[in-house]
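Here the structure is laid out as structure tokens; the discussion comes afterwards.
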Amino acid sequence: MKVSILGTGYVGLVTGACLAEKGHQVTCVDVDATKVATINHGEAPIYENGLTDLLRRNIGSRLRATLDAREAVLNSDLTLIAVGTPFDGARIDLTYVEEAARVIGKALADKAGYHVVVVKSTVVPGTTDGVVLPILAQASGKRAGRDFGVGMNPEFLTEGEAISDFMDPDRIVLGGIDPRSQDALAALYEPFADVPRLRTNNSTAEMIKYASNSLLATMISFSNELANLGAAIGGIDIAEVMQGLHLGRYLNPMLPDGTRVVPAINTFLMAGCGFGGSCLPKDVNALIAHGRATGVPMQLLQAVIDINAAQPGQVFRLLAKHFPSLRGKRVSLLGLAFRPDTNDMRESPAIPIARHLLAEGAAVAAYDPAASGEARKIFGEQLRLTDTLEDALRGADAVVLVTRWKEFLRVPELLARMDAPPVFVDGRRMLEKGALKRYEGIGL
Ligand code: NAD
């Protein structure tokens, strides 16, 4: 199938590279000329495991990037919209989606055959039918359902595991205004055999994405609220509480042969310094705003956001046990990205933690295996970014672990060699509490 994709960021580029690998003819469109040139050179503008290999294998044959949206639409059968949908502080910002729909609609005005437009960006329920479809119809002068189809296909990939998530998905949601639109989407995913598919309307497809992200965010804030209570009561270790919880049949089902299955969702039932990233905070906030606008206040999700916003404060409660003031103290952050295996720092808890440390007068060093470049864009020279973990630990009064990079499993061994080990605040409860001398953990 000939596919064009508007928006070549994390989702658009991964989708494009994977669909090309599966045999489709893909044109990625972006408004960013540097990105387009980089991709056409077979390089990935983002850090994502395996992406460069896929690009090199497919660029120039089944995959290309361009600035020319009109040409890309005219020379394809199906167009995916994968532009950003940020939260502007009050509501979801649909500017990029609307602009993409206008450009596609104008191109469709000059296209003879039937074409399908599919929203892959995360948009609040009602957007595809209520915003995108009317723009397409108006800009093209054509009729939805007759001249063009409209679909919604939410994306569930996780940054850091994006390629394997896309190539081996757990579900494929095929939203559409009619069976013909859904059929076109089904044809796009035909190379993905044996994956459960759900055919539905566009608003339901949009809601499935929000339901998924809201549940994950809720589980994290639930764990954090319990962790904070446990810490205040004393004598309770949230890590053990969560172990006990996970062992329940619902979360740890037993197969007939007696083996236990550990569902991945259990990793969201763990305490830490809060969730971040480009999706959870913005999507939960967007749904809350959409609920308010619709007259249905989302009280549970508002609490999820409030708990999360306060959670980096737990790091400072733990530091305050050792340091009456952080002025002049050397504090090292381990991890800056919002999760391991990515360089994405959008909404990372590392940002408020670093800002607070700087405001308190601490000398802040930081080490992240992938996100130093991103950190420099945000903090300039305010943080001393080190090239190695050893460098970050050297001379520190306190160390705060923010991201679960596997490399940090080496920390106990490195700190054991020090004469005066720093206070270690485990913001992710990643390390064994007994393995370090001056260990502090969230919910301990
Ligand atoms: P991103 O910011 O990385 O990429 C968006 C791209 O769109 C940018 O390269 C931008 O230059 C481009 N763009 C903007 N306007 C354009 C236009 N008119 N024509 C062509 N290109 C245009 O965003 P992302 O992280 O890929 O997210 C895209 C969407 O997917 C969002 O709605 C997001 O919520 C959703 N999503 C993201 C993830 C994730 O992990 N990043 C996962 C699932 C869903």
(request) From (1) hydrophobic (A, V, I, L, M, F, W, C); (2) open to solvent by 30 Å² or more (accessible area, probe 1.4 Å); (3) part of a loop (DSSP other than H, G, I, E, B), pick out the condition that doesn't hold for residue 358. (result) (3)
(message) Tell me the residue from 110, 68, 77, 88 that is of a type in the set (Asp, Glu) and in contact (Cβ under 8 Å) with a residue 60 or more places away in the chain, please.
(response) 77
(message) Of all residues being out of contact with any helix residue (DSSP H, G or I) (no Cβ under 6 Å at 6 or more places or on another chain) and open to solvent by less than 60 Å² (accessible area, probe 1.4 Å) in segment 415-430, which is farthest from residue 368 (Cα to Cα)? Just the residue, please.
(response) 418
(message) Can you tell me which condition residue 216 does not meet? The list is (1) within 13 Å of the ligand (Cβ to nearest atom); (2) part of a helix (DSSP H, G or I); (3) open to solvent by less than 30 Å² (accessible area, probe 1.4 Å), and all the others hold.
(response) (3)
(request) Just need a number here: residues in segment 283-306 that are of a type in the set (Asp, Glu) and either over 23 Å from residue 158 (Cβ atoms) or outside any helix (DSSP H, G or I) (or both). (result) 1
(message) So residue 255 ticks every box in (1) within 24 Å of the chain's Cα centre (by Cα); (2) more than 23 Å from residue 216 (Cα to Cα); (3) at pLDDT below 95 but one. Which box is left unticked?
(response) (1)
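Being polar (S, T, N, Q) and either open to solvent by 10 Å² or more (accessible area, probe 1.4 Å) or under 14 Å from residue 192 (Cβ atoms) (or both) is the filter here; which residues of segment 5-21 pass it?
Within segment 5-21, 15 is the sole residue that qualifies.
Just to be sure, is residue 9 over 25 Å from residue 103 (Cβ atoms) and not acidic (Asp, Glu)?
Details: over 25 Å from residue 103 (Cβ atoms): no; not acidic (Asp, Glu): yes.
The answer is no for residue 9.
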(message) Looking at the structure I just gave you, is residue 307 buried (at least 19 other Cβ atoms within 10 Å of the Cβ) and closer than 22 Å to residue 339 by Cα?
(response) yes
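Of the residues in segment 29-58, how many are hydroxyl-bearing (Ser, Thr, Tyr), modelled with pLDDT of 95 or more and under 21 Å from the mean Cα position of the chain (by Cα)? Steps first, please.
Here is the first cut: in segment 29-58, the ones hydroxyl-bearing (Ser, Thr, Tyr) are 34, 38, 47, 52.
When the remaining residues are screened for being modelled with pLDDT of 95 or more, the result is 34, 38, 52.
Next cut, under 21 Å from the mean Cα position of the chain (by Cα) only: 52.
Summing the residues that are hydroxyl-bearing (Ser, Thr, Tyr), modelled with pLDDT of 95 or more and under 21 Å from the mean Cα position of the chain (by Cα) in segment 29-58 gives 1.
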(request) Give the residue that is most open to solvent (accessible area, probe 1.4 Å), with candidates limited to residues of segment 149-168 that are within 17 Å of residue 84 (Cβ to Cβ) and touching a Lys or Arg at 6+ places or on another chain (Cβ under 6 Å). (result) 155
(message) Suppose we filter segment 70-100 for residues that are buried (at least 21 other Cβ atoms within 10 Å of the Cβ) and either within 9 Å of the ligand (Cβ to nearest atom) or within 18 Å of the chain's Cα centre (by Cα) (or both); how many remain?
(response) 7
(request) Only residues that are surrounded by fewer than 17 Cβ atoms within 10 Å (Cβ to Cβ) and either in contact with a Gly (Cβ under 8 Å, 6 or more places away or on another chain) or within 12 Å of residue 399 (Cα to Cα) (or both): list them for segment 323-336, please. (result) 325, 327, 328
(message) Which pairs turn up if I take residues in segment 202-216 that are under 15 Å from residue 120 (Cα atoms) and look for partners that are polar (S, T, N, Q) and part of a helix (DSSP H, G or I) with beta carbon separation below 9 Å, at least 6 apart in sequence or on another chain?
(response) 202/127; 202/128; 202/181; 203/127; 203/128; 205/128; 206/127; 206/128
(request) May I ask you to list the residues in segment 1-24 that are out of contact with any helix residue (DSSP H, G or I) (no Cβ under 9 Å at 6 or more places or on another chain) and more than 8 Å from the ligand (Cβ to nearest atom)? (result) 2, 23
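Every residue in segment 31-54 that is of a type outside the set (S, T, N, Q), away from the ligand (no atom under 11 Å from the Cβ) and touching a residue at least 40 places away in the same chain (Cβ under 8 Å), please. Steps first, please.
Narrowing segment 31-54 to residues of a type outside the set (S, T, N, Q): 31-33, 35-37, 39, 41-48, 50-51, 53-54.
Now narrow it down to the ones that are away from the ligand (no atom under 11 Å from the Cβ): 37, 41-44, 47, 50-51, 53-54.
If the condition is that a residue be of a type outside the set (S, T, N, Q), away from the ligand (no atom under 11 Å from the Cβ) and touching a residue at least 40 places away in the same chain (Cβ under 8 Å), then 47, 50, 51, 54 are the ones that fit.
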(request) Determine which single condition residue 121 fails, assuming it passes every other condition in (1) more than 10 Å from the ligand (Cβ to nearest atom); (2) open to solvent by less than 60 Å² (accessible area, probe 1.4 Å). (result) (1)
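Take the residues of segment 245-282 that are assigned to a helix (DSSP H, G or I) and touching a strand residue (DSSP E or B) at 6+ places or on another chain (Cβ under 8 Å): which is most open to solvent (accessible area, probe 1.4 Å)? Walk me through it before giving the result.
So the first thing to find is which residues in segment 245-282 are assigned to a helix (DSSP H, G or I), and the list is 245-246, 264-268, 280-282.
Narrowing further to those that are touching a strand residue (DSSP E or B) at 6+ places or on another chain (Cβ under 8 Å): 281-282.
Details: 281: 10, 282: 40 Å².
Among those residues, the one meeting the criterion is 282.
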(request) Say whether the condition of being within 16 Å of the ligand (Cβ to nearest atom), surrounded by fewer than 23 Cβ atoms within 10 Å (Cβ to Cβ) and of a type outside the set (D, E, K, R) is met by at least one residue in segment 175-182. (result) no
(request) Among residues belonging to segment 130-148 that are in contact with a strand residue (DSSP E or B) (Cβ under 7 Å, 6 or more places away or on another chain) and either open to solvent by 40 Å² or more (accessible area, probe 1.4 Å) or within 15 Å of the ligand (Cβ to nearest atom) (or both), point out the one that is nearest to residue 84 (Cα to Cα). (result) 132
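The values are calculated or read from the model by the stated rules, or taken from the named source; none is laboratory data. In this text, all values refer to a predicted model and were calculated from it rather than measured experimentally. Every residue, glycine among them, receives a Cβ derived from its backbone with ideal geometry; neighbour counts consider all protein chains shown. Ligands, DNA and RNA are excluded from the accessible area calculation, which covers all protein heavy atoms including side chains. Shrake-Rupley method; radii C 1.70, N 1.55, O 1.52, S 1.80 Å.
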